[in-house]
1. ILE190: of a type in the set (Val, Ile, Thr), modelled with pLDDT of 90 or more and surrounded by fewer than 20 Cβ atoms within 10 Å (Cβ to Cβ), yes or no?
2. Within the group LEU29, LEU44, which residue is part of a loop (DSSP other than H, G, I, E, B), of a type outside the set (S, T, N, Q) and either outside the structural domain of PRO206 (by TED's automatic domain parsing) or under 17 Å from TYR107 (Cβ atoms) (or both)?
3. State all residues of region 178-194 that are among the aliphatic types (A, V, I, L, M) and under 18 Å from ALA167 (Cβ atoms); if no residue qualifies, say none.
4. Give me a count of the residues in region 201-227 that are touching a helix residue (DSSP H, G or I) at 6+ places or on another chain (Cβ under 8 Å) and farther than 20 Å from GLN165 by Cβ.
5. List pairs: first residue in region 168-185 and touching a residue at least 40 places away in the same chain (Cβ under 8 Å), second residue surrounded by 15 or more Cβ atoms within 10 Å (Cβ to Cβ) and of a type in the set (Lys, Arg) anywhere in the structure, Cβ distance under 9 angstrom, at least six positions apart or on different chains.
6. Would you point out which residue out of SER36, SER88, SER13 is hydroxyl-bearing (Ser, Thr, Tyr) and touching a residue at least 60 places away in the same chain (Cβ under 8 Å)?
7. With respect to the numbered conditions (1) surrounded by 18 or more Cβ atoms within 10 Å (Cβ to Cβ); (2) assigned to a loop (DSSP other than H, G, I, E, B), which one is the sole condition not fulfilled by PHE49?
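The values are calculated or read from the model by the stated rules, or taken from the named source; none is laboratory data. Keep in mind it's a predicted model, so treat the numbers as computed, not measured. Cβ atoms come from the backbone with ideal geometry, glycine included; neighbour counts cover every protein chain shown.
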Amino acid sequence: MPNSSAFLLLVISLLVTIGGIWIGQNVNLLPVDASSNAPIYDELFKVLFSIGAVLFLGMLAAVVYSLIRFQKNPEDLEDGLALEGNLSLEIFWTAVPAVVVLFVGIYSYDIYDRMGGMQPLQTNGHDHQAMHQEQRVWGGIGAGPVESDMSKIAAPLKIDVTAMQFAFLFHYPQGDIISGELHVPKGQPISMRMESKDVIHAFWVPEFRLKQDVIPGQPTILNFTPTKAGRYPIICAELCGPYHGGMRSTVVVEEADEYKEWFNKNTKEVISEL
C-alpha cells in the first residue's frame, strides 16, 4: 500500500508539473506585443506564470485529495493523532520556495539587464541636445532625405517628454513640434528624455511592456523600438493627484511614410529636399 501511494503521488506530481508548464506557456493573458522589449519581458512572465500555475494546481490537488482521503467517518468519535511536527516536510517546504525565489531573482535581474534597466536614468541636458544634432533627419527637415528603410538608421529618434497634472506633452526638437500624442515610426529606435513639472508621474504603455517614472528635477531616459503599427494607450501609473485616472494619452506607431507625412504637416518649418 505505501508503494502504491508513493507511485500515485509521483504520477500526480508529474501531471501537475506538466499541466502547469503547459498553461504558463500557452495561455496568453498579455496584450499584443508592440516593441522590441516586449518578447524579452514575456519570457519572464511565462516563467512566473508557469511557476504559479504549478503551485496552484499542486495545492488544489492536495486539497481535493485530502478532502476525499481524510474525510471523517461519522462513526469515528475518537480524537485525531497528536502530531508535533515533521522535520523532513519542514525542510522540504523551506528549501523548495528558497530555490524558486533565488531562481526567479536571478532570472528577473537578467531580464531587467537585457531590457536596459541597469543603464543610468539621468542624462546631461547638453549631451542630450548634442545627440539631437547628430540624429539622422526625419520629415524632410535638414540636409538629407528621409530614409524609408528604418533598419538603415542607426541613431535613435530623440523626443522630450513633459509630464504635468494631468497630461503628457511630447516635444520634437527637429521640427519644433509639440504634441499631445506621441507619434513614432515603426522600427525606429526611440529615446525619450522625460521630466515632470510638478509631482512624480509614470509613463506606461502596456503593449510596449515598459514603465518609467517621470520625476521633477531629475530627468529620466526611456529607450524603446516600436515593432507594430497601431494606436496604443499611454497611462500614468503613479498616483499623481485627484485626476490621476484621467491622465492618459496615445502613442501612434506609424509606417515611415505616414510618420513623414505627419511630421511635415505639424512642423513649424518644413524644409524639403526630396
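1. Numbers: of a type in the set (Val, Ile, Thr): yes; modelled with pLDDT of 90 or more: yes; surrounded by fewer than 20 Cβ atoms within 10 Å (Cβ to Cβ): no.
Answer is no for this residue.
2. Working: LEU44 fails: part of a loop (DSSP other than H, G, I, E, B).
Just a single option satisfies the conditions, and that option is LEU29.
3. We begin by selecting, within region 178-194, every residue among the aliphatic types (A, V, I, L, M); these are 178, 182, 184, 190, 192, 194.
Those that are among the aliphatic types (A, V, I, L, M) and under 18 Å from ALA167 (Cβ atoms): ILE178, LEU182, MET192, MET194.
4. Our first condition is that a residue be touching a helix residue (DSSP H, G or I) at 6+ places or on another chain (Cβ under 8 Å); within region 201-227, this holds for 207-209, 219, 224, 226-227.
Now restrict to residues that are farther than 20 Å from GLN165 by Cβ: 207-209, 224, 226-227.
Matching residues across region 201-227 total 6.
5. From residues that are touching a residue at least 40 places away in the same chain (Cβ under 8 Å), the pairs are TYR172/LYS158; PRO173/LYS158; GLN174/LYS158; PRO185/LYS260.
6. Details: SER88 fails: touching a residue at least 60 places away in the same chain (Cβ under 8 Å); SER13 fails: touching a residue at least 60 places away in the same chain (Cβ under 8 Å).
After ruling out the rest, the residue left standing is SER36.
7. It is condition (2) that PHE49 fails.
Yes/no per residue for (1) outside any loop (DSSP other than H, G, I, E, B); (2) closer than 20 Å to ASP42 by Cβ; (3) among the hydrophobic types (A, V, I, L, M, F, W, C); (4) in contact with a Phe, Trp or Tyr (Cβ under 6 Å, 6 or more places away or on another chain):
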{"residue": "HIS183", "(1), (2), (3), (4)": "yes, no, no, yes"}
{"residue": "GLU207", "(1), (2), (3), (4)": "yes, yes, no, yes"}
{"residue": "LYS211", "(1), (2), (3), (4)": "yes, yes, no, yes"}
{"residue": "ILE221", "(1), (2), (3), (4)": "yes, no, yes, no"}
{"residue": "PRO242", "(1), (2), (3), (4)": "no, no, no, no"}
{"residue": "VAL253", "(1), (2), (3), (4)": "yes, yes, yes, no"}
{"residue": "GLU261", "(1), (2), (3), (4)": "yes, no, no, no"}
{"residue": "LYS265", "(1), (2), (3), (4)": "yes, no, no, no"}
